[in-house]
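Undergrad: Pasting a structure here, questions to come.
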Amino acid sequence: MTTIEFQYELISLQKKLMFFAFRLTSDMESAKDLLQETNLKALNYRDKYVNNTSMYAWTYTIMKNTFINEYRYNLNHVNISKSLKGSVFALRTNFDKASNPDTIYMSKELETMINSLEYSLRTPFNMFIEGYKYKEIAEYLGVKVGTVKSRIFLARKKLMAQLNEFNNARVQTQPITKR
């Protein structure tokens, strides 16, 4: 199969693959990303495709494996809410008038803790919270991806220590009430 034939057949499968990607992700943007990643892998590994076999089955398998790998990666990598011991603070959100005063106070304290981090940790951490990918943060800061990951890890570690101190101090200062 020539390169042009391969590309033509891959293009003809886009609608079916998009449907499958949406079934896997349940989100249109994620489905588009998954489809793009699948197409990229199919083109990169074109030499692995065996002629006279189903191109749809081959790309379907690539998509399924890509989705599973991404899912496993997300399970194994702690996200910010889990890394802060289940604190369900919504960073940088606008609180309405009905918000719990404790939540507002604790969110402001957390924001203060984040702002107290040194610039080299605070900047990549804030960018990560805002949804930037490691690679995008690395390009913006002009450092390697590993450096970005390390700085975000250190920021989380420092915030965890500060949160533990804050919670311990808070528990000790709360009055004991009789029931």
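Every number here is computed from the coordinates shown, using simple stated rules; none is lab data. Predicted, not measured: the structure shown is a model, and the values here were computed from it. In this analysis, Cβ positions are derived from the backbone assuming ideal geometry, glycine residues included, and neighbour counts consider all displayed protein chains.
Undergrad: Assuming R0 = 25 Å, what is the FRET efficiency of Lys108 and Lys157, from their Cβ-Cβ distance, to the nearest 0.05?
TA: 0.70
Undergrad: With +1 assigned to the C-beta of every Lys and Arg and -1 to the C-beta of every Asp and Glu, and no other charges, what is the dipole magnitude of region 3-76 about the Cα centre in debye, to the nearest 20? Walk me through the numbers before you get to the answer.
TA: Details: 9 positive and 8 negative charges, 37 e Å.
It works out to roughly 180 debye.
Undergrad: For the residue pair Tyr73 and Glu130, what label-to-label distance in nm results when each label sits 7 Å from Cα along the Cα-to-beta-carbon direction?
TA: 2.3 nm
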